[in-house]
Every structure is written in C-alpha cells, then in structure tokens.
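The structure appears right after this line, and notes come after that.
No lab work stands behind these numbers, since they all come straight from the coordinates. This is a predicted model, so every value here is computed, not measured. Methodologically, a virtual Cβ is constructed for each residue, glycine included, from the backbone with ideal geometry; neighbour enumeration extends over all protein chains shown.
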Amino acid sequence: MKILVFILSMGIASCQGQSKTTGKEKTMQKQEIIQLVQDNKVTEVDKALKNGADVNTQDANGRSLLLLATVNNQEEMAKLLVDNGADVNKQAQNKESPFLSAGANGQTALVQLYLENGARFDVFNRYYGSALIPACERGHVETAKLLINTKDYPIDHVNRLGWTALLEAVILGDGGKKHQEIVRLLKEGGADLTIPDKNGVTALEHARKRGFDKIVDLLSE
C-alpha cells in the first residue's frame, strides 16, 4: 500500500513538473514570436505559426502581433498574420486595434487588407472614434477616400468629444489642400453637413471662425 501511494505521488509530482515546464515554454514561445514580429522576421514568424504559435498572441500591453506589425508598418508581416487568421479587430489595453491604427496613421494598403478580412465598424478607439475620424483630422486623403467609399461605413459617427469626421477635419485640421480635399470627399460621400458639436456649432461655422475660406465655400455650395 505504501509503495502504491509513493508511486502515485511521484506520478503527480512528475505531471506537475511537466505542467510547469510547459507553462515556461509557452511564455518563451510568446516572447519569441513577439520579438520576431518586432524585428520583422517574416520567414521565422511563418515557421513559428506552422509550429503552433498563436497568431493572436498579445504582449504585456495587450497589443496583438498584427497590431505590432501595423504600428511598424510591416505590410508583408501583416499579410502573413492575416492569412493565418489574425483578428484585425483585436484591441489592446488602450483600445487600439490593427484596423483602427491603420486608419489613424494613413496606412491605406493595410486598411484595404483589413477591410477585406473582417474589419468591424462598431469597434472604437479610446475616444469612441472610428478609423475615419483621425484619418480626416490628420489629412490622410487616400485612407479617408477609401473608408468614405466603403459600403455601409459610418461616416457620420460621433465620437466621445462630440465630433464627426467632418467636424474633426475642420476643428483640428489646418484648412490646407489635404483637409479641403477631405471635406470635399466627405460632402460627396453623403456626410451630414449639419451635425453640430456639443456646443451646437456646425462644421461650416467652425470653418468661418478659423478663416478657412475654401472650406467655407465647399460647405456652402
């Protein structure tokens, strides 16, 4: 009886030891693939994924491999991850996702890739904003054009600040050619020009206050 108990206890201890080792190995694998993505080692990441690495691995800040690739503008890496099932909507602790980040940073090719692979329009950043709103603010014309012309995209979405893409383009833009073009695209894309901010001020009124004459003309036509 004592011998049987001893054998059973040894077996349990052995299993626990294997479990701990497996946990350490998983942690190492996680750290390794994160670093490989950061270093843009496409071939090595491909091998790691084929060997069972989790394509939706996240770092300590909740950033997925695809978000890391997006932030680093690694198009080939992003394509590899998407082809292996990476979630284009997976959000980090700061609410950023690959799709939202690509839109905000004017990475049109990545935005297109993510639109083709399940990008959701009801996932928002920490300001409760869409991918389009910061794209318009920052003057990313081609990205804005792509999103504005995407079927069912919510171009009139209002963020936590009370601003639409149009309002943000006027309020935070510089009134130059890029922002003029974005205002034109929004108008032609069917944006509601009458939506006011939290204080009841419309984009046209903001444009007048800021002396953006060409944008005033666009919004007055």
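With the gyration tensor restricted to C-alpha atoms of the chain, the semi-axes of the equivalent ellipsoid amount to 49, 18, 12 Å, longest first. Each Lys or Arg adds one and each Asp or Glu subtracts one; over the other residues with Cβ under 12 Å from the Cβ of His206, this totals 0. Among 182-188, 62-68, the peptide with the highest mean count of other Cβ atoms within 10 Å heads the list, and the full ranking is 62-68, 182-188. Ranked by the mean number of other Cβ atoms within 10 Å per residue, highest first, peptides 189-199, 140-150, 94-104 order as 94-104, 140-150, 189-199.
Is there a pair in Lys178/Lys214; Lys90/Lys187; Lys95/Lys177 whose C-alpha atoms are over 22 Å apart, and which pairs would that be? Checking Cα-Cα distances, Lys90/Lys187; Lys95/Lys177 exceed 22 Å. With helices as the sole contributors, the chain gives -17000 deg cm²/dmol at 222 nm; each DSSP H run of n ≥ 4 counts as -39500 (n - 2.57), and the sum is divided by every residue. Need one word for the range 18-96: rounded, prolate or oblate. Basis is the Cα gyration tensor (sqrt eigenvalues a ≥ b ≥ c); a/c below 1.5 gives rounded, then a/b vs b/c decides. Judged from the Cα gyration tensor, the range 18-96 comes out oblate (a/c at least 1.5, b/c at or above a/b). Across the range 127-221, the mean sequence separation of Cα contacts (distance under 8 Å, 6 or more residues apart), normalised by length, yields a relative contact order of 27 percent.
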